[in-house]
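Read-outs: derived from the displayed coordinates by stated rules, not from any lab. In this text the structure is predicted, and so the values were computed from the model without any measurement. Here the Cβ positions follow ideal geometry from the backbone for every residue, glycine too, while neighbour counts run over all protein chains shown.
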Amino acid sequence: MSNAFLRIFLVWARYPCFMLATVFIILLQTSVGLSAADRNPDSINSLQEIIRIALKNNSKNIPKVTHQPPENIIFLVKKYYYQIETQREQLATAKEVQGYFEKGIKKSQEIFESDEGGVSQADITKLKLGLSNTLNNIIDLKHSLQIGKLNLGKLINRDLLDRNHIITADPIPVDFPHTGFDSYLKAKKLTEGSKQLLYEVYLDVESSNAKVKLGIKNRKISRALLVSQVANYDFGIGDSQELFEALMLYTRVFSSYLDSVYTFNVAVAKLEKLTNVIILKN
């Protein structure tokens, strides 16, 4: 036992409360100024935390990091965050549909081979083509998802490619309480001179918001239809063509809904960015 360690041990034995307090203070001092994400990169999961890290990196002299105005950094972080959030959910949906197609093909082949009737080779081929289309979508989504992680990782100087748990939030429309363009200008205390610059972007927000509201209704309807057709086919009272159509419709409707959420969220982020630039100039 070294002399230094022996002295520490003796102090600990004689003054246990003092040593416990000392250790606590040392641990506290080492963590001061560090967020959970600074101490553990795997803990990054909130948009605000990622924005904080990106702004911090942007203010430092870090190699391979292009310095930009803060409003640009915030917009880009939101854009890539929403992209990852959306495509992660689209990927999960595509994998769910893949499972239904595979199950449907297996059952169709069993019915066809049993000579019970009701299923033709053409029906099986359609389901196989539907599965092939879904697998293509999965490949594209995985690729786009990696690109999004790569771009976001550059902004925060982290490798996000192999971290699937970095962004775990479900894609939902961001809060936008304004009911019209004039009310938005009033809320932001902007003049009639800012109107032309902001109006086009505001129209994008309104248009995409309308699609989100429509998508919410269509998503519920297509989901109910899918559940019904899958259950019917499992019980042997459904038709393979109806199952095929329900799966394709659900894929299209749900993917379209998620795209509309992404478009809306990015449009709001773009409007906020432009608004902040105008406020700073004034």
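Restrict the check to segment 163-171 and report whether at least one residue is among the acidic types (Asp, Glu), out of contact with any strand residue (DSSP E or B) (no Cβ under 8 Å at 6 or more places or on another chain), surrounded by fewer than 13 Cβ atoms within 10 Å (Cβ to Cβ) and closer than 25 Å to residue 101 by Cβ. Checked against the condition, which is being among the acidic types (Asp, Glu), out of contact with any strand residue (DSSP E or B) (no Cβ under 8 Å at 6 or more places or on another chain), surrounded by fewer than 13 Cβ atoms within 10 Å (Cβ to Cβ) and closer than 25 Å to residue 101 by Cβ, segment 163-171 yields at least one hit.
Results for (1) under 27 Å from residue 125 (Cβ atoms); (2) surrounded by fewer than 17 Cβ atoms within 10 Å (Cβ to Cβ), shown as yes or no for each residue.
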| site | (1), (2) |
| --- | --- |
| 184 | no, no |
| 188 | no, yes |
| 200 | no, yes |
| 203 | no, yes |
| 207 | no, yes |
| 213 | no, yes |
| 221 | no, yes |
| 235 | yes, yes |
| 242 | yes, yes |
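Only one entry of 201, 227, 205 meets the criterion of being part of a helix (DSSP H, G or I) and under 30 Å from residue 98 (Cβ atoms), and that entry is 227.
Name the one entry in 159, 182 that is part of a loop (DSSP other than H, G, I, E, B), charged (D, E, K, R) and more than 18 Å from residue 260 (Cα to Cα). Spell out the reasoning first.
Numbers: 182 fails: part of a loop (DSSP other than H, G, I, E, B).
After applying the criteria, what remains is 159.
Take the conditions (1) touching a Lys or Arg at 6+ places or on another chain (Cβ under 7 Å); (2) surrounded by fewer than 19 Cβ atoms within 10 Å (Cβ to Cβ); residue 84 misses just one of them, which is (2).
Could you tell me which residue of segment 105-161 is surrounded by the most Cβ atoms within 10 Å (Cβ to Cβ), considering only residues that are among the charged types (D, E, K, R) and closer than 30 Å to residue 76 by Cα? Filtering segment 105-161 for residues that are among the charged types (D, E, K, R) and closer than 30 Å to residue 76 by Cα, the one surrounded by the most Cβ atoms within 10 Å (Cβ to Cβ) comes out as 149.
Does segment 144-153 include one or more residues that are under 18 Å from residue 246 (Cβ atoms), assigned to a helix (DSSP H, G or I) and among the basic types (Lys, Arg)? Checking segment 144-153: not a single residue is under 18 Å from residue 246 (Cβ atoms), assigned to a helix (DSSP H, G or I) and among the basic types (Lys, Arg).
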